[in-house]
Amino acid sequence: MYLLPGLKKYCAAFIADLIDEENVFQIFEMSRLFNLPKLEDQCTEFIAANIEQMVLRSEFKNLVVRDASEVVSREDSDSIDIVDNVRYHMTSRVRTYSEIQSVHDQLSLIDQLLESLQLDC
């Protein structure tokens with residue numbers, strides 16, 4: 001019984017090395033189900049690094065909608081967990097001035113997705 005937390009962390013570290021475009025959303029869901037915040041963050045970082053492909057995936061759209069619906073008493077402009085985390089990872093990678101435009105373009109992809117889903121965040 002006492003070894004389970006360590007086993008969960010070990011398994012999560014192993015699974016993190018397997019993240020790809022085909023399984024990132026399944027691993028993300030599993031990380032939330034089993035309360036593995038580091039693995040969830042690694043999935044979010046992968047999504048941010050591959051945002052051009054991810055915004056086209058129905059799984060990402062469904063995840064954004066579900067996170068938005070979990071905000072209690074949603075106001076006109078509220079924070080959506082997955083969107084905030086992806087934005088964080090995208091902006092934290094900026095090291096040079098030339099990267100700013102690239103990240104700006106990527107952030108606009110998220111804004112366009114939110115607009116198409118009629119969500120303000």
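A few points about this structure:
- For residue 110, the stated conditions do not hold, so it cannot be described as open to solvent by less than 40 Å² (accessible area, probe 1.4 Å), over 21 Å from residue 121 (Cβ atoms), part of a helix (DSSP H, G or I) and not hydroxyl-bearing (Ser, Thr, Tyr).
- Of all residues in the range 47-57 being outside any helix (DSSP H, G or I) and within 13 Å of the chain's Cα centre (by Cα), the one that is nearest to residue 109 (Cα to Cα): 55
- Residue satisfying all of: in the range 22-46; in a loop (DSSP other than H, G, I, E, B) and open to solvent by 70 Å² or more (accessible area, probe 1.4 Å); nearest to residue 63 (Cα to Cα) among these: 22
- Considering (1) open to solvent by less than 80 Å² (accessible area, probe 1.4 Å); (2) in contact with a Leu (Cβ under 7 Å, 6 or more places away or on another chain); (3) among the charged types (D, E, K, R); (4) at pLDDT below 95, the lone condition that residue 74 does not fulfil carries the number (2).
- Residue in the range 4-15 that is outside any helix (DSSP H, G or I) and either modelled with pLDDT under 95 or of a type in the set (Asp, Glu) (or both) present: no
The values are calculated or read from the model by the stated rules, or taken from the named source; none is laboratory data. Predicted model, so just to flag it, every value in this text is computed and none were measured. Glycine gets a Cβ as well: all are built from the backbone with ideal geometry, and neighbour counts include every protein chain shown. With ligands, DNA and RNA removed, areas are computed over all heavy atoms of the protein, side chains included. Shrake-Rupley method; radii C 1.70, N 1.55, O 1.52, S 1.80 Å.
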